[in-house]
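Engineer: Have a look at this one before I ask anything.
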Amino acid sequence: MQAPVRIAVTGAAGQIGYALLFRIASGQMLGPDTPVILQMIEIPNEKAMKALEGVAMELEDCAFPLLRGMVLTDDPNKGFKDASWCCLVGAKPRGPGMERADLLKDNGKIFVGQGKAIDTVAAQDARVVVVGNPANTNCMIAASQAKRLPKERFTAMVRLDQNRAAAQLAKKAAVDVKDVKDIFIYGNHSPTMFPAFAHAKINGKPVPEVIGHHAWLQGEFCETVGKRGAAIIAARGLSSAASAANALVDHVHSLVTPGSVHSIAVKSNGAYGFDPNVWAGMPVKTTSLKDTPGGYEPITSYTMDDFAKGKLAATNKELVEERATVKDMLG
Ligand code: NAX
């Protein structure tokens, strides 16, 4: 059994945090042989810290054999100390009447501070996953603060969108979700994202051939996946939490599983016509764990038809606009 790995989670007392921490502590994120120390970070607010104490009590009551320690803090420099995985979940929700630009700016400030703290105190092999919205741009902001850690260590989550797309395709084709492969998400974690159905396979056959209904794939399918978050808020009165936590477990688990091919948002470096300096969803392949766990290579070889190119251009435009809104926060 290896030494415990320190995992920092911000927004630990929030709804995603509550669905996430128990899965990490049970070994579902890093595997059954990796003990963990949970470093749970909240805001300096009595109610939030009290709630976090309650979560920690419940974690204790689970008697998870892999959980070797807990840190509860409102200080990012303490919370990220020596962490190998930094899961940035905490962010402000969009308030009534709040413009998207205000949300970008408000949340951007959080990620400036957290990016700096991670770069200063986290482990040498630290990797960052941003969930708090707007996730791609927050990730770009955090990465821009880093002087020590390479930019590719900063990723944002589009796995929930990938999982949603796989589930919708399985439902339409009346197959098990495990029979759906190679469905990847491109661009922003927002309704402009593009689930590239033309490359996906169902039982080894191209999805367009199996579904045979192009208008559905280009229309209802893309729309359902892109607006699923809003549909869940409308139904539940709260945003997705268990499925978001599950996607974060998948994101990291895939990054520690060599050979795994999955969608994450990374610095685009110009792949698929994205602006080189935005963080865009795309498929990656996890490489060997020898040097630093979590290494990956973007897969840049898929060809896009005109419909896909239009979708990629639209989601890229949004990412470029988001970057312009927060340009003063980029280190
Ligand atoms: P909650 O409002 O339930 O919890 C957020 C928690 O973060 C709160 O406890 C709050 O005190 C804490 N927090 C706020 N600022 C913090 C900071 N600077 N440091 C540490 N903690 C801080 O939200 P929840 O439902 O858990 O969602 C969290 C974030 O995930 C939101 O930004 C949400 O929009 C985003 N989502 C992202 C998804 C994705 O696929 N990328 C999907 C689900 C979710 O919508």
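Read-outs: derived from the displayed coordinates by stated rules, not from any lab. Remember, predicted model here, so these are calculated numbers, not experimental data. Cβ placement follows ideal geometry from the backbone for every residue including glycine, while neighbour counts extend to all protein chains displayed.
Engineer: Given the pairs Lys147/Lys201; Lys181/Lys311; Lys181/Lys327, which span a C-alpha to C-alpha distance of over 30 angstrom in this model? Before the final figure, lay out each step's value.
Structural biologist: Working: Lys147/Lys201 41 Å; Lys181/Lys311 21 Å; Lys181/Lys327 37 Å.
Lys147/Lys201; Lys181/Lys327, as the Cα separations exceed 30 Å there.
Engineer: Let me ask something additional. For the residues Met157, Met98, what sequence is obtained by ranking on other C-beta atoms within 10 Å, fewest first?
Structural biologist: With the fewest neighbours first, Met157, Met98 line up as Met98, Met157.
Engineer: Let me ask another. In degrees, nearest 10, range 0 to 90: what is the angle between the Cα axis of helix 306-325 and the longest Cα principal axis of the chain?
Structural biologist: Roughly 30 degrees, rounded to the nearest 10.
Engineer: Computed FRET efficiency, Cβ-Cβ of Asp61 and Ala3, R0 25 Å: what is it to the nearest 0.05?
Structural biologist: That pair, Asp61 with Ala3, gives E of 0.50.
Engineer: Still on this structure, please answer the following. Express the relative contact order of segment 118-215 as a whole percentage, based on alpha carbon pairs under 8 Å and six or more residues apart in sequence.
Structural biologist: On the way: 124 pairs, mean separation 19.6, N = 98.
It rounds to 20 percent for segment 118-215.
Engineer: So if R0 is 41 Å, what FRET efficiency would Lys92 and Asn203 give, r being the distance between their Cβ atoms, rounded to the nearest 0.05? Intermediate results must be reported in sequence, preceding the final value.
Structural biologist: On the way: r = 43 Å, r/R0 = 1.06.
Efficiency at R0 = 41 Å is approximately 0.40.
Engineer: Sticking with this one: To the nearest 10 degrees, how steep is helix 159-173 against the longest Cα principal axis of the chain, on a 0 to 90 scale?
Structural biologist: Between helix and principal axis, roughly 40 degrees.
Engineer: Which parts of segment 300-328 would a label at Arg100 reach, counting a residue when its backbone N lies under 20 Å from a point 7 Å out along Cα-to-Cβ?
Structural biologist: 308-328
Engineer: Which of Cys222, Cys62 has the fewest other C-beta atoms within 10 Å, and how do the rest follow up to the most?
Structural biologist: Arranged by neighbour count, lowest to highest, Cys222, Cys62 become Cys62, Cys222.
Engineer: Rounded if a/c is under 1.5, else prolate if a/b is larger than b/c, else oblate: which is segment 159-329, with a ≥ b ≥ c the root eigenvalues of its Cα gyration tensor?
Structural biologist: Working: a/c = 1.26, a/b = 1.13, b/c = 1.11.
Judged from the Cα gyration tensor, segment 159-329 comes out rounded (a/c under 1.5).
Engineer: Tell me whether segment 177-241 comes out rounded, prolate or oblate; compute the Cα gyration tensor, take square roots of the eigenvalues as a ≥ b ≥ c, and use a/c under 1.5 as the rounded threshold.
Structural biologist: The shape class here is prolate.
Engineer: Over the chain, what is the mean sequence separation of C-alpha contacts under 8 Å (at least six apart), divided by residue count, expressed as relative contact order in percent? Intermediate results must be reported in sequence, preceding the final value.
Structural biologist: On the way: 678 pairs, mean separation 55.6, N = 331.
Reported as a whole number, the value is 17 percent.
Engineer: Something else now. From the Cα gyration tensor of segment 5-156, with a ≥ b ≥ c the square roots of its eigenvalues, which class applies: rounded if a/c is under 1.5, or else prolate if a/b is larger than b/c, or else oblate? Provide the component values of the computation, followed by the final result.
Structural biologist: Values: a/c = 1.90, a/b = 1.28, b/c = 1.49.
The shape class here is oblate.
Engineer: In which sequence would Glu53, Glu99 go, from the one with the fewest C-beta neighbours within 10 Å to the one with the most?
Structural biologist: Glu99, Glu53
Engineer: If you fit an axis through the alpha-carbon atoms of helix 46-61 and take the longest principal axis of the Cα set of the chain, what angle between them do you get, 0 to 90°, nearest 10?
Structural biologist: So the inclination is approximately 90 degrees.
Engineer: Segment 98-141 to segment 256-331: how many Å between their Cα centroids?
Structural biologist: Value for the Cα centre distance between the two parts: 17 Å.
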